[in-house]
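*Asks:* Would you mind keeping the following structure in view while I ask a few things?
The values are calculated or read from the model by the stated rules, or taken from the named source; none is laboratory data. Source: prediction; values computed, not measured. With ideal geometry, Cβ positions are generated from the backbone for all residues, glycine too; neighbour counts draw on all protein chains shown. Heads up: the accessible areas ignore ligands, DNA and RNA and are worked out on the full protein's heavy atoms, side chains in. Shrake-Rupley method; radii C 1.70, N 1.55, O 1.52, S 1.80 Å.
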Amino acid sequence: MSAQIIDGKAIAAKVREEVRQAVAKMKADTGYVPGLATVLVGDDTASSTYVRMKQKACAEAGIHSFGHTLPGSATQAEIEGLVAQLNDDPTVNGILVQLPLPDHIDEEAVLNTIDLEKDVDGFHPVNIGRLAMKGRDPLFVPCTPAGCMRLLKEAGVETSGAEAVIVGRSNIVGLPMAMLLQKANATVTICHSRTKDLAGHVRRADIVVAAIGRTEMITGDMIKPGAAVIDVGINRKEDASKKRGYRLVGDVAYESAAAVAGAITPVPGGVGPMTIALLMENTYRAAEIALSKK
Ligand code: NDP
């Protein structure tokens, strides 16, 4: 068997084009342009790169972006003060605080400060709480898991009644992914570092989501024939043939898994591009919410 490759790059491009068109229509109909504020604290290279990528995606979608950078020594009050100011700014629809924040900062308190209707990352405890509850819906769903759900949908994977195994239980990926799949009527198992017999659990899964951060940990012999495999992991693997000395690989051993799976996301080019695309979609939705209140 040779798996269907779920092309995240192409699907993300489609989502971004949909958002671009919706933003253009909103502007033509109402004169309103969505705005995303980014808050970067400190000078971490990876975080700076992510913020730049998000600002570039905004420009391409026709969304205004407002970049705010605070020094790594910024206090809790300074960061929360900036968020409060952005909450009050009518030109800002979405507020993205780039994580992780420095160690001396209470991350949860900062996320709590974000206006629920501007929580485009979907990390506000109330949004996560609504995601966890039956019959309730959050205003925004965290972008990476929302992107994974969109990939499953585009690939035609049936979630209702499916056995889904999520490896990883982080607040930003594993946990919300499990809640989304459960809402989509899958029977969900969450595995983590204390799970006994990980392979046994994964082997039962019609849908496997790997969000571990461990290079190629899920191997083909752990995959049920025909399963859909979503690989969230982004890891560096030494590769002397590359100029930079490494290449990016996922949490799934791609070659061996693709030989057994029914559908699989590659790394790079799978889940990665979806995160920013869904952030654009969430920002557009935040603008719709703001407009509906005018
Ligand atoms: P975390 O480190 O926050 O969580 C990792 C999870 O994996 C934890 O729940 C941990 O268990 C579990 N785990 C660790 N080791 C094992 C093991 N040996 N067996 C089973 N479970 C294990 O990572 P994130 O969720 O933030 O990220 C996961 C991966 O996804 C990373 O590679 C990250 O780079 C990538 N990522 C990609 C994104 C994208 O846009 N494509 C966005 C965000 C993340 P425990 O809870 O017990 O510690």
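*Asks:* Tell me, what is the per residue accessible area of the range 31-119 in Å², probe radius 1.4 Å?
*Replies:* 46
*Asks:* For LYS196, which lysines qualify as cross-link partners when the Cα separation must be under 21 Å and same-chain residues fewer than eight apart are set aside?
*Replies:* By straight Cα distance, LYS196 reaches LYS224.
*Asks:* Just report the Cα centroid separation between the range 29-66 and the range 221-289, whole Å.
*Replies:* 23
*Asks:* Please state the charge dipole magnitude for the range 143-271, taken about the Cα centre, from unit charges on C-beta atoms (+1 on K and R, -1 on D and E), reported in debye and rounded to the nearest 20.
*Replies:* Details: 16 positive and 12 negative charges, 83 e Å.
For this selection, approximately 400 debye.
*Asks:* How large is the charge dipole for the chain, taken about the Cα centre, if only the Cβ atoms of Lys, Arg (+1) and Asp, Glu (-1) carry charge, to the nearest 20 debye? Can you show the working numbers first?
*Replies:* Numbers: 32 positive and 34 negative charges, 142 e Å.
Using only the charged Cβ atoms, the result is roughly 680 debye.
*Asks:* If I model a spin label at ASP29 and SER47 as a point 7 Å from the Cα along the Cα→Cβ vector, what separation in nanometres do I get?
*Replies:* Inter-label distance under the simple model: 3.8 nm.
*Asks:* Please list, or write none, the lysines whose alpha carbon is within less than 17 Å of the alpha carbon of LYS134, excluding same-chain residues fewer than 8 places away.
*Replies:* LYS183
*Asks:* Got a number for carbon plus sulfur as a percent of the chain's accessible area, 1.4 Å probe?
*Replies:* Values: 7260 of 13910 Å².
The value for the chain is 52 percent carbon and sulfur by accessible area.
*Asks:* Are any of the pairs LYS9/LYS56; LYS118/LYS293; LYS9/LYS243; LYS9/LYS54; LYS9/LYS153 more than 21 Å apart by Cα-Cα distance, and if so, which?
*Replies:* Numbers: LYS9/LYS56 16 Å; LYS118/LYS293 13 Å; LYS9/LYS243 23 Å; LYS9/LYS54 15 Å; LYS9/LYS153 15 Å.
Among LYS9/LYS56; LYS118/LYS293; LYS9/LYS243; LYS9/LYS54; LYS9/LYS153, the Cα-Cα distance tops 21 Å for LYS9/LYS243.
*Asks:* Dipole of the chain (Lys/Arg Cβ +1, Asp/Glu Cβ -1, origin at the Cα centre): which of THR187, ILE223, GLY35 lies farthest to the positive side?
*Replies:* Going by the Cα projections, it comes out as ILE223.
*Asks:* Among all helices in the chain defined by DSSP H, which have a length of 18 Å or more along the axis from Cα atoms plus a Kyte-Doolittle mean of at least -1.0?
*Replies:* Working: long enough: 8-30 (32 Å, -0.43); 45-61 (24 Å, -0.46); 272-292 (31 Å, 0.52).
The answer, listed by residue number, is 8-30, 45-61, 272-292.
*Asks:* Taking 7 Å along the Cα-to-C-beta vector as the label spot, tell me the LEU248-PHE66 distance in nanometres, rounded to one decimal.
*Replies:* 3.0
*Asks:* Rank by packing, highest mean first: peptides 108-116, 241-249, 225-233, 128-136, with packing defined as the count of other Cβ atoms within 10 Å averaged across residues. Walk me through the intermediate numbers first.
*Replies:* Numbers: 108-116: 17.1, 241-249: 11.3, 225-233: 24.4, 128-136: 13.3.
Taking the mean over residues of other Cβ atoms within 10 Å, the ranking is 225-233, 108-116, 128-136, 241-249.
*Asks:* So what's the back-of-envelope 222 nm ellipticity for the chain, counting only DSSP H runs of four-plus at -39500 (n - 2.57) apiece and dividing by all residues, rounded to 500?
*Replies:* Working: 10 runs with 121 residues, N = 294.
-13000 deg cm²/dmol, from helical runs alone.
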